[in-house]
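To start, the structure under review is shown below, and the notes come after it.
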Number of protein chains: 2
Amino acid sequence: MAVFPRPPLPGSPRSLEPCLSCDARADSVCNAVDDEHLARLAELAVVSDVQAGQTFIEEGDPADSFFNLTAGSAKLYKLMADGRRQITGFVAKGHFLGLAVSATYAFSAEAIEPVRLCRFSRSRMFRLLGDFPALERRLLERAATELVAAQEQMLLLGRKTARERVASFLHTQSLAAPCGRARNSIELPMSRGDIADYLGLTVETVSRTLSRLRGEGLIEIPSATMVLVRDPGRLAVLAAG
Amino acid sequence: MAVFPRPPLPGSPRSLEPCLSCDARADSVCNAVDDEHLARLAELAVVSDVQAGQTFIEEGDPADSFFNLTAGSAKLYKLMADGRRQITGFVAKGHFLGLAVSATYAFSAEAIEPVRLCRFSRSRMFRLLGDFPALERRLLERAATELVAAQEQMLLLGRKTARERVASFLHTQSLAAPCGRARNSIELPMSRGDIADYLGLTVETVSRTLSRLRGEGLIEIPSATMVLVRDPGRLAVLAAG
DNA sequence: CGAGGGTTTGAATTAGATCAACTCTCGTGG
DNA sequence: CCACGAGAGTTGATCTAATTCAAACCCTCG
């Protein structure tokens, strides 16, 4: 459970400080803006906290804001009328949200762990973007990166077996590990249900598949939220099909 | 079979003309550049033609070029080692390709119908982009649009039934119809195999599902490459699940 | 006319879903 | 401290949607 040293006061006077000292800055598009101009960005940002389990973007709502996630983690998803859900991604510190061109959000977002985020007015942000080409470039790079990830996920969802999907997921998670964590140790803040909805499977299949991988000595599962990769090589091979 | 009035001569002197008179310009990111500056763009463009069935981007190859598709249509896809294929999108006139941030292409591209395309050196293009913020903005918009489409496709691949997938595909195709075509008439330049690899299904399932939709009076199939939507409303409902 | 794609249809098979039971964990309160 | 309950996770048995295997059926083109 993350604890925030500086609980945000809604409507509190904005200052440059939160941006300069933001520990998500290095991972974020914001670091395309140098210290001296950061104030322009900071005065647009409204910081807010979101509890675990709370939805902070609702698909179909007017897309007024950009978001920058500065702490915690969240899931992005789309829902069908009957409740079927597809999680399109998990996002962590430094991730930028709300690039949508349309007037409404194309997905929902819900905090998995307590989240802190910077909210920017879309219209003001767009105006600002004109003055910061480096920032815009960074956004373009991010979008391109996400597009590549999305294509990889389409391959997974369209063509991989359950086994390959779970292996791919573990493989990707182990690569995306925040540095300074034990090698081959994967933290899974999301539930099995979330993993299932991300991989286009059911909870049961995810659970069974994990158990089987454990039975084969590829991984260990010391607790439900932690996986140790015993054999990264074989896992990678499995993931690739 | 499209016939090009002006067969490109490789190495032919580049002029502004091909850009000014390009009939893909209206659909393309290029129209963010006004007439007087178009020359800057034109001098970077190398026009080339690609036959149907020919691959013009190979996954894993060095990503040296951007492409702008000015005629014809193509499929983008990823392959697994054993030949499984996921088509991540079909692209037509006006589509921009090759935004990848990494040093290599993340997907392959193959012409479905004869394709004409403008090739731009990535490095030169990026340099140029600095002088044309409107162009860069347009790229960002495109990327965002594609990201939204990709999320929709993930929902389809992860959570929709075969019936819903085929209905969604027909629905989307009917919306993306080039204007000036008969309402409710869908041209399908791609094969059943391509559709299957796009929807994460087999050829047989696609064929069976189409037949069933026809049996139910939702569509007509006057030829393999043409579908008439009899009941767009019910199709849309089906597509949504 | 016949060869060879692409497409359609049918029968058998199976990976994963569904349904159902059980376990584990963890927080609450007696 | 332990009993209890609720939710998440696991495991087993059955079922089914879609795949696989197999056989026509078309078009198109030489």
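Using only atoms on other chains, find how many Cβ atoms lie within 10 Å of each Cβ of peptide B:156-165 and report the average.
Values: counts 6, 9, 18, 10, 4, 1, 0, 0, 2, 1.
That works out to 5 on average.
Using 1/(1 + (r/R0)^6) with R0 = 22 angstrom and r between the beta carbons of A:D131 and A:N31, what's the FRET efficiency to the nearest 0.05?
The calculated FRET efficiency here is 0.85.
Quick one: how many lysine pairs in the protein assembly as shown have C-alpha atoms under 27 angstrom apart, if they're 8 or more apart or on different chains?
Here the count comes out as 16.
Just how large is the dipole of chain B about the Cα centre, in debye to the nearest 20, putting +1 at every Lys and Arg Cβ and -1 at every Asp and Glu Cβ? The partial results should precede the final answer.
Working: 29 positive and 28 negative charges, 122 e Å.
Value, rounded to 20: 580 debye.
Calculate, axis by axis, the spread of Cα positions in the stretch A:17-152 along the three principal axes, and write the results as whole Å, longest axis first.
Between the extreme Cα coordinates on each principal axis of the stretch A:17-152 lie 50, 28, 27 Å.
Which of B:L20, B:L199, B:L147 ends up with the largest GNM mean-square fluctuation for chain B, with Cα atoms connected below 10 Å?
Greatest mean-square fluctuation among the candidates belongs to B:L147.
Name the most mobile residue of B:K93, B:K160, B:K75, meaning the one with the largest mean-square fluctuation, in a Gaussian network model of chain B with Cα contacts below 10 Å.
In the Gaussian network model the winner is B:K160.
Could you work out the relative contact order of chain B, using alpha carbon pairs under 8 angstrom and six or more residues apart, expressed as a whole percent?
Working: 380 pairs, mean separation 44.3, N = 241.
Averaging sequence separation for qualifying contacts and normalising by length gives 18 percent for chain B.
Placing the label point 7 Å from Cα along the Cα-to-Cβ direction, what are the distances from A:P222 to the equivalent spots in the other copies, shortest first, in nm to one decimal?
6.7
Where Lys and Arg each count +1 and Asp and Glu each count -1, what net charge lies around A:S73 among other residues with Cβ under 10 Å from its Cβ?
After counting each charged neighbour, the total is 0.
Report, in cubic angstrom per residue, the convex hull volume of the C-alpha atoms of the protein assembly as shown.
It is 160 Å³ per residue.
Just the C-alpha atoms of chain A: what Rg/Rh do they give, with Rh taken as the Kirkwood radius?
Over the Cα atoms of chain A, Rg/Rh equals 0.99.
Relative contact order of the stretch A:133-206: what whole-number percent is it, with Cα pairs under 8 angstrom and at least 6 residues apart?
27 percent
Sort shortest first the distances from B:R183 to its counterpart in every other copy, using label points 7 Å along the Cα-to-beta-carbon line, and give them in nm.
So the distances to the same position in the other copies read 6.5 nm.
Find, to one decimal place in angstroms, the Kirkwood hydrodynamic radius of the stretch A:161-220, where the mean of 1/r is taken over every pair of different Cα atoms and then inverted.
11.9 Å
Tell me the mean residue ellipticity at 222 nm calculated for chain A from its helices only (DSSP H runs of n ≥ 4, each -39500 (n - 2.57), averaged over every residue, nearest 500).
When only DSSP H runs of four or more count, the value is -11000 deg cm²/dmol.
Using Cα springs under 10 Å in a Gaussian network model of chain A, which residue among A:T202, A:T225, A:T70 shows the largest mean-square fluctuation?
A:T225
Counting other beta carbons within 10 Å of each Cβ, put B:V115, B:V29 in order, fewest first.
Final ranking by Cβ density, sparse to dense: B:V29, B:V115.
Each value in this text was obtained by applying a stated rule to the coordinates, not by laboratory testing. Quick caveat: nothing in here was measured; it's all calculated off a predicted structure. Methodologically, a virtual Cβ is constructed for each residue, glycine included, from the backbone with ideal geometry; neighbour enumeration extends over all protein chains shown.
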